[in-house]
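Beneath this line is the structure, given in structure tokens, with notes to follow.
The values are calculated or read from the model by the stated rules, or taken from the named source; none is laboratory data. All of these numbers come straight from a predicted model, not from anything done at the bench. Glycine gets a Cβ as well: all are built from the backbone with ideal geometry, and neighbour counts include every protein chain shown.
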Amino acid sequence: MTTFKIHSVDSAPQEAQNILNGYQEKFGFVPNLAAVMAQSPATLKGYATSYGLLTETDFSPAEQQLILLAVSRENRCTYCVAAHSLAAKMAGLDDEVISAVRDGAPILDSKLAAIVDFATKVVKTRGFVSNDDVRDFLAAGHSQAQILEILLGVATKTISNYMNHIAKTPLDDAFASTAWEPSA
């Protein structure tokens with residue numbers, strides 16, 4: 001098995017150091033996800049940029065985390081489900097909603113359920129969602145722009161989910177309380 005290096009700010013390639021410093025300043029530590037991704041400064045920059053662009057969408061911070069959590073669950077990324085469970089809680093998402101996404105259970109709030117359902121279907125179908133899927137999402141009160149913004153979330157999480165699968169990124173202690181394993 002190939003082991004991927006978990007970089008510190010100092011050991012990372014120079015082009016990645018500023019981005020890792022940003023994570024350090026924001027979170028008080030460099031998440032292992034970014035520390036592994038730093039091996040490729042272009043990949044780290046692409047991920048950080050696309051993640052940052054989510055803040056410019058029509059989704060609230062809690063809804064943004066909901067998208068990232070749903071995509072990570074569908075992609076079975078233990079690292080990202082744990083990280084986004086904590087981030088979703090910090091963004092004000094209800095514990096029941098977070099648990100429902102983690103467990104693949106129904107969500108009572110129809111607008112939030114539509115976000116999870118649509119993001120999950122995009123991942124499952126590789127973007128070949130049905131006209132009914134689009135209609136249902138729009139009928140729940142969302143816009144066509146938000147369909148495209150969910151794609152941004154899917155693209156962002158696909159980078160990190162797949163990298164974590166390949167690198168077997170160890171979970172940071174900060175996310176231990178929200179550790180997750182997919183059901184069989």
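Computed quantities for the displayed model
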read-out: Residues within segment 26-49 that are modelled with pLDDT of 95 or more and either charged (D, E, K, R) or in contact with a Cys (Cβ under 6 Å, 6 or more places away or on another chain) (or both), tallied; value: 1
read-out: Residues (in a loop (DSSP other than H, G, I, E, B) and not hydrophobic (A, V, I, L, M, F, W, C)) located in segment 113-131; value: 126, 127, 130
read-out: Options 143, 183, 85, 110: the member that is of a type outside the set (Asp, Glu), in the same structural domain as residue 67 (by TED's automatic domain parsing) and farther than 30 Å from residue 45 by Cα; value: 110
